[in-house]
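This report refers to the structure that appears directly beneath it.
The values are calculated or read from the model by the stated rules, or taken from the named source; none is laboratory data. The model shown is predicted, which means the values in this text are computed figures rather than measured ones. A quick note on method: Cβ atoms are made from the backbone with ideal geometry, for glycine too, and the neighbour counts reach across all protein chains shown.
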Amino acid sequence: MRISTRGEYGVRAMVYMALNYLDGDIPLSRIALEENISQQYLEQIFSPLRQSGLINSKRGAKGGYTLARSPEKIFVGDIIRALEGPIAPVECVSDQKKNEDCRCGKSDNCLARQVWEKLRDHINELLNDISLQDMLDWKH
């Protein structure tokens, strides 16, 4: 499994917002400048984050973005799933897939599937266990 720049930049932007959580609304231009990410690309990234309830937005001259919850209540897994979809090493063990949807048609007796399920579960467990606050705490 490989995280795209969408997921990578989304996590970076969310960490930046967590670092500045008490500052109120943060303009997208400031996040783009500080994180060296195109503002247009950030706009594309922030839309699913907002739809997923991870960030709030306010329009206008004093507008910007804020975290929808405190940093200790937003987890890396939430961010990645909002931007990348289900976290799975192969498609047939994606949360959205049913056993009968597997390309190979061997889901009922596939020995490799057990490895992919364990890997999916461990990745999800790890990402669901790391909050934005945990990442901030690593800095100190």
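Please work out which one of (1) farther than 22 Å from MET135 by Cα; (2) surrounded by fewer than 19 Cβ atoms within 10 Å (Cβ to Cβ); (3) modelled with pLDDT under 95 is the condition TYR41 fails and give its number.
Result: TYR41 passes all but (3).
If I go through segment 58-88 residue by residue, how many of them are under 15 Å from the mean Cα position of the chain (by Cα) and among the aromatic types (Phe, Trp, Tyr)? So that I can check it myself, show each step before the final result.
Applying the first criterion (under 15 Å from the mean Cα position of the chain (by Cα)) to segment 58-88 yields 67-69, 71-88.
Going one step further and asking which of them are among the aromatic types (Phe, Trp, Tyr), we end up with 75.
Counting residues in segment 58-88 that are under 15 Å from the mean Cα position of the chain (by Cα) and among the aromatic types (Phe, Trp, Tyr) gives 1.
For ILE55, only one of the following conditions fails: (1) modelled with pLDDT of 95 or more; (2) under 20 Å from ILE123 (Cα atoms). What is its number?
Unmet for ILE55, out of (1) modelled with pLDDT of 95 or more; (2) under 20 Å from ILE123 (Cα atoms): (2).
Would you pick out the residues in segment 22-56 that are more than 19 Å from GLY77 (Cβ to Cβ), out of contact with any Gly (no Cβ under 6 Å at 6 or more places or on another chain) and in contact (Cβ under 8 Å) with a residue 12 or more places away in the chain?
Residues satisfying the conditions are GLY24, LEU28, ARG30, ILE31, GLU34, GLU35, ILE37, TYR41, LEU42, GLU43, GLN44, ASN56.
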